[in-house]
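The values are calculated or read from the model by the stated rules, or taken from the named source; none is laboratory data. Not measured: the values here are computed from a predicted model. When we count neighbours, we look across all protein chains shown, and the Cβ atoms used for this are built from the backbone with ideal geometry, even at glycine.
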Amino acid sequence: MIDLRKLRVRPGEPVLPAWNRLLDWAKQFRLYAGRGVRLQRTPNGTYVIADLRTTPWNHPFKVSLADREVTVAFGTVQDVVPRIGGRAIDEPVPVPRLRLDGGPDKDGRSWVVIEVKVNGKSGEIDPKDKDAVLIRLVSNLDRQTANVGRHPLAMLIWDAGRTSVIRVRQITHFDLRHLYVKAEGKPGRHIFWAT
Amino acid sequence: MKSIPARDWNALIDQLRRDQVIGCTALEHGEWRHPWQVSAEWNPDRLRWEARIQPGFVNGLDAEVRVAAKDAPADTLRRLKLTPAKAAKKMVDSWLTEDPRMPLNKWRAIGRDAQPESVSAVGIDEINASYEPVPEFFLALGAGEPPKSPLSFAPSTGGNTRLLRATEITLQKDRITTGTDWTFGSGADGTFAQFNVTYRLPAGARKRAYLRSVAKLRPPAPDDPMARLMVDWESDPFDTIPVATVYLISPENAVQNSEPGPDWSPYVKHHLFWNLIHDVTVQPPSGSSENMILPTGLALGVADSVINQILATINDKNAALAEFLGKRTVEGRFWTI
């Protein structure tokens, strides 16, 4: 970028050198179309159309809606692959699916959640328990027991008639770690965080 | 060549005409947008700048924005069972998944017409002022520097004449507070002082996190450790995390102190990109309290002098109390999921 004051001329000064600098300066305003950009040129100006086609991001636990079912992309909790209906979510066809049974809460929301069950004494996920890490559909996020922690993966937004899901809003984008914190005389805490 | 031919002159003008941008359209095909992504837009009906925010979640619930009911999305009014007539002058909490528009009307000036952050006098004829610096990006776009002196609004250097405004969008989550107080009584061996730590969920605390727009984000001053032990003290009832700074830059030669209008250009700097969990370090039930009893041996002592004696820094009781309170103070934390 040049200093625009260099384009100025003083009274009596030859204008041609400044004219040449002006031509050089004006070249920068030429528009070039980058990737995904179309230019519609007219004598009076140019209209820019940017077609922002991006590749989808297939992040862990991505929840997708299909008809009256949802699928959940591969992800892990504490290196354990969660299960849907007794099958791990990375099992091949047919892909494990959650049926949209049960409906939403009073505000038309429900959630796809991960539930992690820990051994009450050790506070650890039992590696022999195949149902220790499950993916479920719930209409209440709060309900969890001392040994079972609940973590939201996505919110499902239902139509006003509460008959079908109109939108999925993803909540979790990463694999998760989990820690069970015991507490004296009251239920322990399940803490989830991204890894 | 001693003159500029009309042909060359007109060719330059035609080129500049052709290459001037007269409009721009961005076609979006399910483009991925991160949670809390903010876009600022001018609302020609309400004559103000507004933020549209990609839904972000705290503890699995989308945050809410407080808006006038007359400006609330239809989904919000339906959920709250409000008709436009009933909603006339109410404020309502609209969830981000209902796509509300957050009014942005608290702006601070940066640069040419900014107010000094601090002013100090050196002698009688020198006044020093410090200003929020103009980000380099906006200097390159032509935003003016702050004045040299708080008594002058003349541009300091260069010919930059554009004005700059900024507002902060923050996320807040209400939580239980920790409070302290003292009570005194007579024990079997004399007078005792009781240090109480109480927990309270303030009335009107919201379950969901909520977004606010403030002109400037001021981190809360750290509590004085002695004040926490000395007098009735209560912690903040919420935690705050910055979401984004929205900047507006004016056209060239804008009149100083003018309000941002439709011809200003928005830019957003994001600070938050992912959904969050919010939790507290300790989870006492609201309304509960814990206490520590300290025998003083000072029958009929005046409360203030008894407390002062207990809290003397050379007193072991001071350290014991500080530890007692430290382990029981509720502090909030946000983390990414």
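Considered as a group, the residues in region A:157-176 that are assigned to a strand (DSSP E or B) and either more than 10 Å from chain B (Cβ to nearest Cβ) or touching an Asp or Glu at 6+ places or on another chain (Cβ under 6 Å) (or both) include one that is farthest from residue A:64 (Cα to Cα), and that residue is A:158.
Residues are listed down the side, and each one gets a yes or a no for (1) more than 8 Å from chain B (Cβ to nearest Cβ); (2) modelled with pLDDT under 85:
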position	(1), (2)
A:31	no, yes
A:49	no, no
A:57	no, no
A:65	yes, no
A:72	yes, no
A:76	yes, no
A:83	yes, no
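Is it true that residue B:9 is assigned to a helix (DSSP H, G or I), within 14 Å of chain A (Cβ to nearest Cβ) and among the hydrophobic types (A, V, I, L, M, F, W, C)? Here the answer is yes, as residue B:9 does meet what is asked.
For residue A:164, the criteria (1) surrounded by 14 or more Cβ atoms within 10 Å (Cβ to Cβ); (2) of a type in the set (S, T, N, Q); (3) closer than 21 Å to residue A:101 by Cβ hold in every case but one, which is (1).
Across region B:28-49, the qualifying residues are those that are surrounded by 19 or more Cβ atoms within 10 Å (Cβ to Cβ) and assigned to a strand (DSSP E or B), and the one among them that is farthest from the other protein chains (Cβ to nearest Cβ) is B:49.
Within region B:89-108, being buried (at least 20 other Cβ atoms within 10 Å of the Cβ), part of a strand (DSSP E or B) and in contact (Cβ under 8 Å) with a residue 40 or more places away in the chain holds for B:95, B:101, B:102, B:104. Flag: residue A:195 matches the condition of being surrounded by fewer than 17 Cβ atoms within 10 Å (Cβ to Cβ), within 12 Å of chain B (Cβ to nearest Cβ) and among the polar types (S, T, N, Q).
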